[in-house]
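Worksheet: one structure, shown below.
The values are calculated or read from the model by the stated rules, or taken from the named source; none is laboratory data. Every value quoted in this text rests on a predicted model; they were computed, and no experiment measured them. So basically every Cβ, Gly included, is an ideal-geometry build from the backbone, and we count neighbours across all protein chains shown. These area figures cover heavy atoms from the full protein model, side chains too; ligands, DNA and RNA do not enter into them. Shrake-Rupley method; radii C 1.70, N 1.55, O 1.52, S 1.80 Å.
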Amino acid sequence: MIEAARKSNERALAKLISHVEDRKPGWKDIMKAIYAETGRTCVIGVTGSPGSGKSSLVSEFAKQLGDMGYAIGIIAVDPSSPFSGGAVLGDRIRMRDISTYKNIFIRSMATRGMLGGLCQAARDVVRIMDFAGRDIVIIETVGVGQDEIEVVSASDYVVLVTYPGGGDSVQAIKAGVMEIADIFVVNKCDRDGADVIVSEISAMLDLSTETVEKIPPVIKTSTFTKEGIDKFMEILSEFIQKKEKGLHFQEEHVRQEVMSILETEMVSLIKEKISSDGNMEKELKLILSGKSDPYSVADELIKRVAGI
Amino acid sequence: MGQDSKIRVLVAKPGLDGHERGAHVVAYGLRDEGFEVIYTGLRQTPEQIVSAAVQEDVDVIGLSILSGAHLSLTKKIMEGLKAKGANDVLVTVGGVIPEEDKKTLEEMGVAGVFTSGSKIKDIAALIRTKLGKNA
Amino acid sequence: MKKNSKEEIKEALKKWEDEILNPRVKKFNLDKSPTSFYTPLSWDNSHFLEKVGFPGQFPFTAGNNPFDFWRAYANFAAKAGFRSDWGGSGKSGKYGGFGTPADYRDYLFKMQSMGRYGGPNIAFDLATQCGYDSDSSFAEGEVGRVGVAVDSMQDFAVIYEAYTGNLEIDKVPSNFTINAPAAVIIAMYACLAKKRGIPLNKLEGTPQNDILKEFIARGTYIYPPAPSLRLFRDTCVFCCKNMPALNINSIGGYHIREAGATRVQDLAFSMANGIAYIEAGLEGGLEVDEFVPAFTFNAFGGSMEIYQEIAFQRAARRVWAHILRDRFHAKNPKSMQIRQPITAHIGCSSATLQRPLNNLARAVVGGIAAGMSGGIAGAFPPFDEPLGLGHSQEATQLQQDASRILIYEAKVTDICDPWAGSYFMESLTDEIEKDALAELEKIEKMGGAVAAIENGYMPRAVAKSAYDRQKKIENQEELVVGVNCFTGEHEIDVSINRVVEATYDPELMKTAEERQKANLARLKRERNGTAVVSSLRSLKVQAEDKDKNLMPAICECVENDATLQEICDVLREVFGEAQPMKL
Ligand SMILES: Nc1nc2c(ncn2[C@@H]2O[C@H](COP(=O)(O)OP(=O)(O)OP(=O)(O)O)[C@@H](O)[C@H]2O)c(=O)[nH]1
Ligand SMILES: [Mg+2]
């Protein structure tokens, strides 16, 4: 499977992704095996409010990058239902035009309620696509949950999409997303009100950014009339070319990743230990009957788990 | 870290027929059965459906066709899957399917045909049984 | 006898509940009573004139007319044995279409030789409905399948070779079930009349031309909602100025309900769409009473719940009348009326595949609802509808007889609005009206129908409702006979002989695509290429200017034998393409 995926066989690549995403036995060995051959892909994160046109925009620029000769991978993340654990993943609807492009591979991914694990799982999928020869990987997530923001923040380049008419669009941009954006796109500029949003965002950036050089560009686009798409492509290609020449692994990213793997592994270790240890029932009873408190119990459990 | 496997289903409407009710109901229903449903919307070509099924590594494709073109469309999709080595993907067909066409579809390798009045629970059960998965 | 006062009734009601109702509920161990009873407390009749009024008067709750045209001649028709064209109504023929234009023309000739003289009621194939020519890759497998393929003016003219002489187009009406490319088909119709030397103001008929509901229900859209509405505006102005006898559109509650909408959503969404169409016409410079009388509605309604469907028709008439009078200041009563050939009915989605003959009983329920709410007591659809193989002679005969029995034997339509003043029906009518207005307000807050389509609200709401209903059927909250109850082994599936008369020739269907592609190739070879290019170019220039009416330019393209897709492609380029909805 690994060998076939390396040759960019679509089916093998897809199966490899499932294996790792499902955390099937041996998934970590796969990741270990391919790690050395990764790190050259350029990761573009696209986030923004629901319905702002992220998928439409991704479809548009992925096609153009594809035409320029890049092999593209797209990861489209949508939330899982907290009730059933199932999901309806619909981003592909907007990517119809590129769904049969030879050098574009699209994968939908559900958040699966993974405690902070989404970020790592998405990172793993990026890495597999990287290994399978994708020059550029694009990740789309809705900019609402903390997890999802974390996913894009691990990318090399972050595109933040807003649009006129989406309520208080600018106010709605979450703190934390604003800071990580490398470019602001005001989409649906075929509608009234795009200019107002552009100036509001620019004003906000002027206030919060120290040096003029660091102020990210704010542009208007329309995936309907194609206005502004050229400009967007220009800025994006410039970045991609820079990245192609630049550093591969950045120390900070690597540190983050190790921490993130550690966190998820620790949490699941703790959970395993606790469930094999009577599922905290004894401790909970103590708290409920007023004989102990959640803080002491947590301290106690950490001591026990760390002792293994 | 524990295994977290989900049944993945592609719900697709091939052809130009725009009656989405059945597809929507099945997509929501299977989501509530805990499946991950990839919904690709209207007007999918057989090539798009095959390509989505491969890239998304789905276990099942649920086709919804009400235009009467079910035989030719399904045939193309089955052939496309085979060509990509993905003929282990289960294919089900829903829509207005006359009794005599059901058999033809089954002969093509379709795992289940669902017409008006079918229950989501039955669709889900059939998928679970055929896949031998309980996720 | 002394008049009852409200207090007396209230007191008596309380007493009845305590002494009769509640003990009985308790006796049977129920949480609440399975039935309801209404009293003068449920509805205050002191505003009878404003809320109900007389049939044919504002707000039209009691009906558009004291009696309709058909009712005036009903007895005469019975004695004469008049049979409206098979499956059609009035002067229009049976809805249909298949194969190439020549295939369909020949079929129509055959029908005429069997005495079926209704006007063209054309179903177009899906490629045509979606703006693709027969040689497009999107058309593969679809050509001539669910309707006839029309790629050009020449194709259109071939179909109409079946309509000359006594059936000339100024003598029979034409119906076109087409939405996104409606402007092109209307242009073809106008162009045909011109070629035949028939004045445009003599043309009758109805193009469906209801593009907004395509985004909510049927899915045959091409452009995004806003430019789609601009095209509607252009057809609206063109029809109004040049073809005053032609209806402008047929606004579809029917399809919205079939897609799964609740009654309240159906009413609210249809009203929101209607408002958008009125505003489009006004934007085109028309006066409200100049064009809204040419609006029609398409079989509003569609469920088995007989009381609710009756109340729904009454509420719908009142809501529309108020919108026209209060908001748009219409003066002409015709602007304020919901004109629809079919009124209440059960909807095709109520018909079941299981024990299909039961659908006759179901259709009768719809017929009663229609007859009791100001319409023809039509028992629609034929029982074999869900079998998906075409309606049989037998099913059509039973359907027609059922309607006749309701009209002549049961005399359902002898009373106008028989439920007027019923405490129950009036309060139910008020309730549906109130809920629909609240939903409508929600849509208006979003910015109206176009905004509520763009943001996915209306289509998604319908999908959710469809799913809710499915869940209710699966867990037996809603019972459907023969589907989720009474399915035991002793039940019998009653069947009768079914002959589907005059179906389309399957051999012709098989070769239609190839033959139509050859027709198209010949057209493209033989036409004046320069004229095509220049008329398409001028269409493009006009399309870029939002204020221009595109109909003259489209007429010119059509006359020069530009194809339907070529015209649509030019507009795609300028308007962009609509995207399917994300769930
Ligand atoms: N007017 C206008 N509408 C657009 C434009 N781009 C996208 N849309 C529409 O906006 C809606 C949402 O587009 P998507 O691309 O699905 O947006 P998204 O941000 O990916 O949505 P989610 O993934 O659901 O959060 C769709 O109806 C698009 O057709 C644009 O440039 N102009
Ligand atoms: Mg998206």
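A few notes on this one:
- Scope segment B:77-117; condition in contact (Cβ under 8 Å) with a residue 40 or more places away in the chain and under 24 Å from C:Ser137 (Cβ atoms); matching residues: B:Ile77, B:Gly95
- All told, A:Ser268 meets the bar of being surrounded by 14 or more Cβ atoms within 10 Å (Cβ to Cβ), within 30 Å of A:Arg123 (Cβ to Cβ) and not assigned by TED's automatic domain parsing to the domain that holds A:Val185.
- When C:Val146 is tested against (1) over 19 Å from B:His19 (Cα atoms); (2) aliphatic (A, V, I, L, M); (3) open to solvent by 10 Å² or more (accessible area, probe 1.4 Å), just one condition goes unmet, and that condition is (1).
- Each residue in segment C:350-386 was checked for being closer than 20 Å to C:Ala123 by Cα and open to solvent by 40 Å² or more (accessible area, probe 1.4 Å), and 2 of them qualify.
- Selection of segment C:144-176 for residues being closer than 30 Å to C:Asn528 by Cβ and either assigned to a helix (DSSP H, G or I) or free of Cβ contacts under 8 Å to residues at least 12 places away in the same chain (or both) yields C:Met153, C:Gln154, C:Asp155, C:Phe156, C:Ala157, C:Val158, C:Ile159, C:Tyr160, C:Glu161, C:Ala162, C:Thr164.
- Qualifying positions in segment A:27-55 - near ligand 2 (Cβ under 10 Å from one of its atoms), farther than 20 Å from A:Asp230 by Cα and either out of contact with any helix residue (DSSP H, G or I) (no Cβ under 7 Å at 6 or more places or on another chain) or open to solvent by 10 Å² or more (accessible area, probe 1.4 Å) (or both): A:Pro50, A:Gly51
- Residue selection: C:Thr206 satisfies the criterion of being open to solvent by 10 Å² or more (accessible area, probe 1.4 Å) and away from ligand 2 (no atom under 16 Å from the Cβ).
- The residue list C:Ala518, C:Ala512, C:Ala531, C:Ala562 contains one member that is more than 16 Å from ligand 1 (Cβ to nearest atom) and surrounded by fewer than 15 Cβ atoms within 10 Å (Cβ to Cβ), which is C:Ala518.
- Within segment A:36-60, the set of residues being away from ligand 1 (no atom under 13 Å from the Cβ) and basic (Lys, Arg) comprises just one member, A:Arg40.
- Residue check, C:Lys472 without any contact (Cβ under 8 Å) to a residue 12 or more places away in the chain and within 14 Å of another protein chain (Cβ to nearest Cβ): yes
- Against the test of being more than 12 Å from ligand 1 (Cβ to nearest atom), outside the structural domain of A:Ala122 (by TED's automatic domain parsing) and surrounded by fewer than 17 Cβ atoms within 10 Å (Cβ to Cβ), the options A:Lys63, A:Lys102, A:Lys24 yield a single qualifying residue, A:Lys24.
- Criterion violated by A:Leu16 - all others in (1) under 20 Å from the mean Cα position of the chain (by Cα); (2) open to solvent by 10 Å² or more (accessible area, probe 1.4 Å) satisfied: (2)
- Criterion applied to A:Lys242, A:Lys273 was being over 26 Å from A:Ile180 (Cβ atoms) and surrounded by 11 or more Cβ atoms within 10 Å (Cβ to Cβ), and the one residue passing it is A:Lys273.
- Within this structure, B:Thr115 fails the test of being more than 23 Å from B:Asp32 (Cβ to Cβ) and open to solvent by less than 50 Å² (accessible area, probe 1.4 Å).
- Scanning segment C:171-201 for residues that are more than 20 Å from C:Asp103 (Cα to Cα) and within 24 Å of the chain's Cα centre (by Cα) yields C:Lys171, C:Val172, C:Pro173, C:Asn179, C:Ala180, C:Pro181, C:Ala182, C:Ala183, C:Val184, C:Ile186, C:Ala187, C:Ala190.
- Take the conditions (1) within 16 Å of ligand 1 (Cβ to nearest atom); (2) at pLDDT 90 or above; A:Ile287 misses just one of them, which is (1).
- If the condition is being assigned to a loop (DSSP other than H, G, I, E, B) and out of contact with any Lys or Arg (no Cβ under 8 Å at 6 or more places or on another chain), then segment B:1-32 contributes only B:Asp17.
- Residues of segment B:9-30 include at least one that is more than 7 Å from every other protein chain (Cβ to nearest Cβ), charged (D, E, K, R) and surrounded by 23 or more Cβ atoms within 10 Å (Cβ to Cβ).
- Number of the condition not met by A:Glu263 [criteria: (1) modelled with pLDDT of 80 or more; (2) open to solvent by 90 Å² or more (accessible area, probe 1.4 Å); (3) more than 16 Å from ligand 1 (Cβ to nearest atom); (4) touching a Lys or Arg at 6+ places or on another chain (Cβ under 9 Å)]: (4)
- Only one of A:Val58, A:Val88 that is in contact with an Asp or Glu (Cβ under 7 Å, 6 or more places away or on another chain) and within 16 Å of ligand 2 (Cβ to nearest atom): A:Val58
- Here is the figure for segment C:48-76: residues that are within 16 Å of C:Met425 (Cβ to Cβ) and not small (Gly, Ala, Ser) total 7.
- Residue match in segment C:128-136 (condition: touching a residue at least 60 places away in the same chain (Cβ under 8 Å) and closer than 22 Å to C:Gln399 by Cβ): no
- Inter-residue pairs, beta-carbon under 7 Å, first at positive phi and in segment C:367-394, second part of a loop (DSSP other than H, G, I, E, B), 6+ apart: C:Gly374/C:Gly63; C:Gly374/C:Asn64; C:Gly374/C:Thr343; C:Gly374/C:Asp417; C:Gly388/B:Val96; C:Gly388/B:Pro98; C:Gly390/C:Val500; C:Gly390/C:Thr503
- Residue in segment B:53-68 that is out of contact with any strand residue (DSSP E or B) (no Cβ under 6 Å at 6 or more places or on another chain), facing another protein chain (nearest Cβ under 10 Å), open to solvent by less than 10 Å² (accessible area, probe 1.4 Å) and not in a loop (DSSP other than H, G, I, E, B) present: yes
- Within segment A:75-85, considering residues that are of a type outside the set (D, E, K, R) and in contact with a helix residue (DSSP H, G or I) (Cβ under 7 Å, 6 or more places away or on another chain), the one farthest from ligand 2 (Cβ to nearest atom): A:Ser84
- Search result, residues across segment B:103-135 that are within 12 Å of chain C (Cβ to nearest Cβ) and either more than 26 Å from C:Glu478 (Cβ to Cβ) or among the hydrophobic types (A, V, I, L, M, F, W, C) (or both): B:Phe114, B:Ile120, B:Ile123, B:Ala124
- Condition met for C:Ala463 (more than 14 Å from chain B (Cβ to nearest Cβ), at pLDDT 95 or above and surrounded by 22 or more Cβ atoms within 10 Å (Cβ to Cβ)): no
- The residues listed here are C:Glu526, C:Glu507; of these, the one that is closer than 30 Å to C:Leu387 by Cα and out of contact with any Leu (no Cβ under 7 Å at 6 or more places or on another chain) is C:Glu507.
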